[in-house]
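Heads up: the structure comes next, in structure tokens.
Please treat every number below as a calculation from the coordinates, not as lab data. Bear in mind that the values here come from a model prediction, so they are computed numbers and not experimental data. Here the Cβ is made from the backbone with ideal geometry for all residues, glycine too, and neighbour counts use every protein chain on show.
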């Protein structure tokens, strides 16, 4: 079983205690402070210990994020958050990027081929 | 009167059967279906990662090519859009003729 980007991990390096809130923030892309505030509010207002139990269960069950999954850039982090939220949309995004590249390359190709033809015609006229 | 306990026993067994076999069966059936549908497989994930990386690199290369082309000829996009009308002659010709005329 290799490491995967689409699983939930605890983010202990950015976390306060067990890294569950930081893990949720890393998983969803929501700001970690908002999630912490949400947890505290749910604990205080909810009254029951369900939130605390859920936190402890998540902290006990979820593995710590492997070192090799650390993102090199913010763009990469955003990409994987998009994949986790909706794989289909991410695939469409990647396809649209390829289409964009194709279109730009076609522009360059048209320019190069047409200007070559133009150059050949001008040389012919000079003869 | 003697059939009533037997009926109750059968009913209890039936309910217990539904509760402990039927219900988990139903749940696991949908769990497995949901798992096979909603998530990416490991190969899908690798493929997507690779394609994303490839798109980014191609994007960078296209950007550098476009920069080189723009440095070479700032209005190359117009030439590419409409090679017959605008472009080298239309924008280059007046200055050239003037230069030749002078």
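Summary table
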item: Cα centroid of the stretch A:19-96 to Cα centroid of the stretch B:42-80, whole Å; result: 31
item: Set of the stretch A:1-41 residues, backbone N closer than 18 Å to the point 7 Å along the Cα-Cβ line of residue B:50; result: A:2-6
item: The protein assembly as shown pair-distance distribution - Cα-Cα, 5 Å bins, rounded %; result: 1, 5, 8, 10, 9, 9, 8, 7, 7, 6, 6, 5, 5, 4, 3, 2, 2, 1, 1, 1, 0, 0, 0, 0, 0, 0
item: Nitroxide proxy distance, nm - points 7 Å out along Cα→Cβ at residue A:30 and residue B:66; result: 3.6
item: Alpha-carbon Rg/Rh ratio, for the stretch A:1-71, with Rh computed the Kirkwood way; result: 1.00
item: Peptide A:118-125, shielding by other chains (average Cβ, 10 Å cutoff); result: 1
item: Value of Rg/Rh across chain A [Cα atoms, Kirkwood radius]; result: 1.37
item: Listed peptides A:17-28, B:64-75 by packing density, highest first (mean Cβ within 10 Å); result: A:17-28, B:64-75
item: Folded to 0 to 90 degrees: helix A:74-85 orientation relative to chain A principal axis, Cα; result: 70
item: In degrees, nearest ten, helix A:50-61 long axis to first principal axis of chain A (Cα); result: 60
item: Residue B:43-residue B:18 FRET efficiency (beta carbon distance; Förster radius 41 Å; 0.05 resolution); result: 0.60
item: Sites residue A:95 and residue A:70 - FRET efficiency at Förster radius 22 Å, r taken between beta-carbons, to 0.05; result: 0.20
item: Computed [θ] at 222 nm, deg cm²/dmol, chain A (DSSP H ≥ 4; -39,500 (n - 2.57); rounded to nearest 500); result: -23500 deg cm²/dmol
item: Which of A:111, A:55 has the fewest Cβ neighbours within 10 Å, and the rest in rising order; result: A:55, A:111
item: Binned Cα-Cα distances of the stretch A:51-101, short to long, each 5 Å bin given as a whole percent; result: 5, 16, 14, 17, 17, 15, 8, 4, 3, 1
item: Pairwise FRET efficiency - residue A:54 versus residue B:8, Cβ, R0 = 35 Å, nearest 0.05; result: 0.30
item: Length-normalised contact order for chain A - Cα pairs under 8 Å, 6+ apart - percent; result: 22
